[in-house]
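Q: One structure is given below, represented as structure tokens, and several questions about it will come after.
The values are calculated or read from the model by the stated rules, or taken from the named source; none is laboratory data. On a predicted model such as this, the values are computed, not experimentally measured, just so you know. For neighbour counting, all protein chains shown are included, and Cβ atoms are generated from backbone atoms with ideal geometry for every residue, glycine included. Just so you know, the surface numbers come from the protein's heavy atoms only, side chains and all, with ligands and any DNA or RNA stripped out. Shrake-Rupley method; radii C 1.70, N 1.55, O 1.52, S 1.80 Å.
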4 protein chains.
Amino acid sequence: MTLKMDADALKAFLKAEFPQVCDDFEIERLDEELLTVRLVTSQRHLRPGGTVSGPSMFGLVDVGVYLAILARIGPVALAVTTNCSIDFMRKPVAGADLLAETRILKLGRALAVGDVLVYSEGDDRPVARASLTYSIPPKST
Amino acid sequence: MTLKMDADALKAFLKAEFPQVCDDFEIERLDEELLTVRLVTSQRHLRPGGTVSGPSMFGLVDVGVYLAILARIGPVALAVTTNCSIDFMRKPVAGADLLAETRILKLGRALAVGDVLVYSEGDDRPVARASLTYSIPPKST
Amino acid sequence: MTLKMDADALKAFLKAEFPQVCDDFEIERLDEELLTVRLVTSQRHLRPGGTVSGPSMFGLVDVGVYLAILARIGPVALAVTTNCSIDFMRKPVAGADLLAETRILKLGRALAVGDVLVYSEGDDRPVARASLTYSIPPKST
Amino acid sequence: MTLKMDADALKAFLKAEFPQVCDDFEIERLDEELLTVRLVTSQRHLRPGGTVSGPSMFGLVDVGVYLAILARIGPVALAVTTNCSIDFMRKPVAGADLLAETRILKLGRALAVGDVLVYSEGDDRPVARASLTYSIPPKST
């Protein structure tokens, strides 16, 4: 699956379309195999105790798969999440950023499926695992 | 499953434990069958176009099941989400609050499972469906 | 969502298309709200101890949503399951048939979502909960 | 995660505990990183058209995670599946065996989480993806 957008193009797209969240995320790596997105953790992502909240982790995996799909099909704002299954396996390390390693398992005409492993930076045991399905609008491929 | 906490007790617990999000949620109904939680939609829950974001919907269903479990086992802050499966089925109505109807399907010693249907207020077609598993710490039951 | 097929038509369709499994299932109830399918439990569905196996329960919920969709769109053999999330909550009662209560939550042009609660006959605590997404081929609606 | 059982020990355990299905499965690879299980496809696993049925794929991923957990905790028959999320992404190749590549992402005292990619033998595009949670009985670790 050749890439149509690079990290800078994705970042610019995110800034234009989702200005309210784009500063939360940095693209650490993007190639045909893997997209790694960093959640730049700040106070509003945290629960008491200093660990990242469930909704913030959901937002991270959702952005990861979205960007990995866009990198392949080009800047299509209309792809929408239809399903997410997420396992929370360990408490994130307090004060650490989260890294979401995203792989695209299927890129069909109508549906795309991506898989994500989330890590606290500096710890190699996954904090969460998620798989998401996106519906791709008819004209976009 | 008899209830150990009523809506006021749940609201007070939420305020004490999760002060940063408690104002987002109102408990509309609580009895042995159903807990309905309202997401009081504000600017920070929205995506461009005015519909509620995925992470905000995740936060809503997560709070719904959490409160429905607490209502049955009492104020135990340590129950944690281990799994969530969520289907996003329709775009929420712009400008409307969301209502999450939550049912507890299983309340075991170690695991609890809840099911949620999310509606835009005033529309009877569900916006999302979610099921969540919580792990309950050993001493708490 | 008006029904295009009744229980007899569904049963005949199942017999023609899936002869190897059709005798496992009986349609107990079909109306616009609910489809109830019975798994007529026999030796090959069981695990040691006499409880129904996971794959047999998966087969039951898959058939339930499939038939509930067909009842609404007509006899389209090409609808395929794209996602299933299933929670196994209690051990089925040994020797009892299983009943799958199926509701269609969304019937779109391309995707349909159904929700299932599975009971052991005679016990009102759900054995399993499942949600499934089906992809509907373009010409079929 | 050191292994307590090798492929022969797992196979013997499967034969003793699940005699009715053990001939369906072969263990192709087992090490600390990966367990690969083969579904030896036969007529009863197939749908019309010759592709492997959904319930058979469910059975395969369920066995894969079960064996991968047992390999780590020893022969404990009582571990039970509590949740499975599965994405069916491509039609399996007719007439080919299926290979399930299983990884254990978490092995806690009470819960274990495994991740599976399923391939038709000879094709490197995944047919299905699944994640499963098992509940491990208290005495077994």
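Q: Longer than 32 Å from Cα to Cα, which of D:15/D:106; A:106/C:11; B:91/C:15; C:91/D:15; B:11/C:91; C:106/D:15 are they? Say none if no pair is. Walk me through the intermediate numbers first.
A: Working: D:15/D:106 26 Å; A:106/C:11 34 Å; B:91/C:15 38 Å; C:91/D:15 22 Å; B:11/C:91 35 Å; C:106/D:15 43 Å.
Pairs exceeding the cut-off: A:106/C:11; B:91/C:15; B:11/C:91; C:106/D:15.
Q: Using a label position 7 Å from Cα in the Cα→Cβ direction, what is the ascending list of nm distances from residue C:40 to the same site in the other copies?
A: Its label point is 3.1, 5.7, 6.4 nm from the equivalent points in the other copies.
Q: Name the chain A residue nearest the rotation axis between A and D, going by Cβ position, and give the distance in whole Å.
A: It is A:85, 2, counting Cβ atoms only.
Q: Which of the residues in the range B:25-56 lose at least 30 Å² of accessible area when you go from the chain alone to all protein chains together (probe 1.4 Å)?
A: At a threshold of 30 Å² (probe 1.4 Å), the residues of the range B:25-56 that become less exposed are B:47, B:48, B:55.
Q: Compute the long axis of helix D:7-17 from its Cα atoms, compare it with the longest principal axis of the Cα atoms of chain D, and write down the angle in degrees, 0 to 90, nearest 10.
A: Compared with the principal axis, the helix lies near 90 degrees.
Q: Once phi is turned into θ = phi - 60°, what whole-Hz ³J(HN,Hα) does the Karplus curve with 6.51, -1.76 and 1.60 give for every residue of the range D:115-122, x standing for Gly and Pro?
A: In residue order, the calculated couplings are 10, 9, 10, 10, 10, 6, 4, x Hz.
Q: Now a separate question. Let me know the volume per residue of the alpha-carbon convex hull for the range A:29-68, in Å³.
A: Numbers: hull volume 2.6 nm³, N = 40.
Measuring per residue, one finds 66 Å³ for the Cα hull of the range A:29-68.
Q: Which whole number gives the average count of other chain Cβ atoms within 10 Å of the Cβ atoms across peptide B:87-94? Present the calculation step by step, with values, prior to reporting the outcome.
A: Values: counts 17, 10, 10, 3, 1, 0, 0, 0.
Across the residues of B:87-94, the mean count of other-chain Cβ atoms within 10 Å is 5.
Q: Please report, for residue A:75, the nm distances (one decimal) from its label point, 7 Å out from Cα along the beta-carbon direction, to the equivalent points in the remaining copies, shortest first.
A: Label-point distances to the other copies, shortest first: 5.1, 5.1, 6.2 nm.
Q: Could you give P(r) for chain D, binned at 10 Å from zero, as whole percent values over all Cα-Cα pairs?
A: Percent of Cα pairs in each bin: 12, 45, 33, 8, 0.
Q: Let me ask another. Which value, in nm² and rounded to one decimal, describes the direction-averaged projected area of the C-alpha convex hull of the range B:63-141? Please report the intermediate quantities before stating the final value.
A: Values: hull surface 21.4 nm².
About 5.3 nm², averaged over all directions.
Q: Next up: Might you report the magnitude of the Cβ-based charge dipole of chain B about its Cα centre, with Lys and Arg at +1 and Asp and Glu at -1, to the nearest 20 debye? Mind dumping the intermediate values first?
A: Working: 16 positive and 18 negative charges, 96 e Å.
So the magnitude is around 460 debye.
Q: Label-to-label distances across copies for residue D:29, with labels 7 Å out along Cα→Cβ, in nm, shortest first?
A: Nearest to farthest, the other copies are at 1.9, 4.9, 5.3 nm.
Q: With θ taken as phi - 60° and the coefficients 6.51, -1.76 and 1.60, list the Karplus ³J(HN,Hα) couplings across the range D:22-32 in order, rounded to whole Hz; mark glycine and proline as x.
A: Taking θ as phi minus 60°, the curve returns 5, 6, 6, 10, 10, 8, 8, 8, 8, 8, 5 Hz for the range D:22-32.
Q: Compute for the protein assembly as shown: radius of gyration divided by Kirkwood radius, i.e. Rg/Rh, restricted to C-alpha atoms, rounded to two decimals.
A: Values: Rg = 22.6 Å, Rh = 24.1 Å.
Rg/Rh: 0.94.
Q: Report, as a whole number in µm² per second, the diffusion coefficient that Stokes-Einstein gives for the range A:9-52 at 37 °C and 0.692 mPa s using the Kirkwood radius over alpha carbon pairs.
A: On the way: Rh = 11.8 Å.
Answer from the Stokes-Einstein relation: 277 µm²/s.
Q: Follow-up. Interface D/C, total buried accessible area with a 1.4 Å probe, nearest 100 Å²? If you can, show how the numbers build up before the last one.
A: Details: alone 7250 and 7250 Å², together 12910 Å².
The D and C chains share an interface burying roughly 1600 Å².
Q: What percentage of the solvent-accessible surface of the protein assembly as shown, computed with a 1.4 Å probe over protein heavy atoms, is contributed by carbon and sulfur atoms? Mind dumping the intermediate values first?
A: Values: 12050 of 23180 Å².
The computed percentage sits at 52.
Q: With a 1.4 Å probe and all protein chains left in place, how much accessible area per residue does the protein assembly as shown have, in Å²? Let's see the in-between values first.
A: Details: 23180 Å² over 564 residues.
With the other protein chains kept in place, the protein assembly as shown gives 41 Å² per residue.
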